[in-house]
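The values are calculated or read from the model by the stated rules, or taken from the named source; none is laboratory data. The structure presented is a predicted model; accordingly, all values stated were derived computationally and were not measured. Here the Cβ positions follow ideal geometry from the backbone for every residue, glycine too, while neighbour counts run over all protein chains shown.
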């Protein structure tokens, strides 16, 4: 019985040591060559055609210095991203991001250092009408 308890304790210790750091948050910035912590802030299944949607974020997620966007399900274009900070500030990111299904944006640095985000609004257009709805995934980079 004592050997079983020691084996269980050893297994728990090994799991704790080898488990991903930061609560399981994964680093997806290897494209840019950095190892900053990344957190999924929210997803939004978007409509066909041109539209806009918002992903709400809370201070519980922490503060962020950059964003990254992933698109799954269908090709789309995002031409405007508005970031509203919890301190009342706002950053308008005028851009033309073209996504194929399963692709990522570049790292989008936020001005003013690491800050809490209240919400992020996207203006977009689906590239393939009626062939599947895209899902926007918003990631915050600590």
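Table for the structure above
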read-out	value
Scan of the stretch 103-125 for residues that are within 15 Å of residue 57 (Cα to Cα), out of contact with any helix residue (DSSP H, G or I) (no Cβ under 8 Å at 6 or more places or on another chain) and assigned to a strand (DSSP E or B), ordered by number	115, 118, 119, 120, 121, 122
Residue ID - surrounded by the fewest Cβ atoms within 10 Å (Cβ to Cβ), chosen from residues in the stretch 36-48 that are within 12 Å of the chain's Cα centre (by Cα) and more than 23 Å from residue 111 (Cβ to Cβ)	43
Residue in the stretch 84-99 that is touching a residue at least 40 places away in the same chain (Cβ under 8 Å) and under 18 Å from the mean Cα position of the chain (by Cα) present	no
Residues being surrounded by 15 or more Cβ atoms within 10 Å (Cβ to Cβ), at pLDDT 90 or above and over 12 Å from residue 136 (Cβ atoms) - total across the stretch 54-77	5
Members of the stretch 100-116 that are without any contact (Cβ under 8 Å) to a residue 40 or more places away in the chain and surrounded by fewer than 17 Cβ atoms within 10 Å (Cβ to Cβ)	100, 101, 102, 103, 111, 112
Selection count, the stretch 81-94, where residues are part of a strand (DSSP E or B) and loosely packed, with under 13 Cβ neighbours inside 10 Å	3
Flag if residue 51 is out of contact with any strand residue (DSSP E or B) (no Cβ under 6 Å at 6 or more places or on another chain), assigned to a strand (DSSP E or B) and surrounded by fewer than 16 Cβ atoms within 10 Å (Cβ to Cβ)	yes
